[in-house]
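Structure first, commentary second.
The values are calculated or read from the model by the stated rules, or taken from the named source; none is laboratory data. Just so it is clear, the structure is predicted and the values come from calculations on it, not from any experiment. Because the Cβ atoms are built from the backbone with ideal geometry, glycine has one as well, and the counts that use them run over all protein chains shown.
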Amino acid sequence: MSSAFSNTKNAFSIVALSTVLIISVVKSSLALSLGLVGALSIIRFRTPIKDPEELGYLFFIIATGLAAGAEQEIALIVSTPIILFFLYLINLNKQSKKERGILYLEVEEKLLDSVVEAFQKGGYHFSLNRLIKEKSKFSLDVNVGNIDFTDLNKLIKEIEGKGVELLTFISNEE
């Protein structure tokens, strides 16, 4: 899962490096610059772009096509591996991120200690955000951090076995 802001941050590096390539190719040719304006306006109105990172990839493709078409091999050969390396680093960073979020659960009062013990036993990063007691039931909002999907699934199965009646996880990704 990715938020729009983190995708925008990722798109900045792609667009910045692609812009350097485009400027180095177009800087000496009025015809190329006018052609680029036309190409970008067609792409902008014909292609619905919902994700900022998608725009960065599109800009990179235009830049490499422009450099190849203008026979600027040196600019293409130098910049493409650099941009691809940055894309590799961005994707590597995305894959290594773990989830953070809020786990909302309802549990009977007599089973609360065993649920808290399950959190502590698993070695998870957690903190209590909110606790509501209604008759013999507790409603808890627990902040959970640095947990991957496998560990989250394991935690959910473990606390469900302790008598949790309702359980919801809401991601709070940066």
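Here are some notes:
- On inspection, residue 87 fails the criterion of being assigned by TED's automatic domain parsing to the domain that holds residue 12 and over 22 Å from the mean Cα position of the chain (by Cα).
- Among the candidates 139, 127, residue that is polar (S, T, N, Q) and modelled with pLDDT of 85 or more: 139
- Of all residues in the stretch 98-108, those satisfying the criterion of being out of contact with any Lys or Arg (no Cβ under 8 Å at 6 or more places or on another chain) and either of a type in the set (A, V, I, L, M, F, W, C) or assigned to a strand (DSSP E or B) (or both) are 99, 100, 101, 102, 103, 104, 105.
- Between 89, 55, 76, the distinction of being loosely packed, with under 13 Cβ neighbours inside 10 Å, in a helix (DSSP H, G or I), at pLDDT 70 or above and touching a helix residue (DSSP H, G or I) at 6+ places or on another chain (Cβ under 9 Å) belongs to 89 only.
- In the stretch 1-52, the residues that are at pLDDT below 75 and assigned to a loop (DSSP other than H, G, I, E, B): 1, 2, 3, 28, 47, 48, 49, 50, 51
- Within the stretch 93-103, not a single residue is out of contact with any strand residue (DSSP E or B) (no Cβ under 7 Å at 6 or more places or on another chain), farther than 30 Å from residue 14 by Cα and exposed (fewer than 15 other Cβ atoms within 10 Å of the Cβ).
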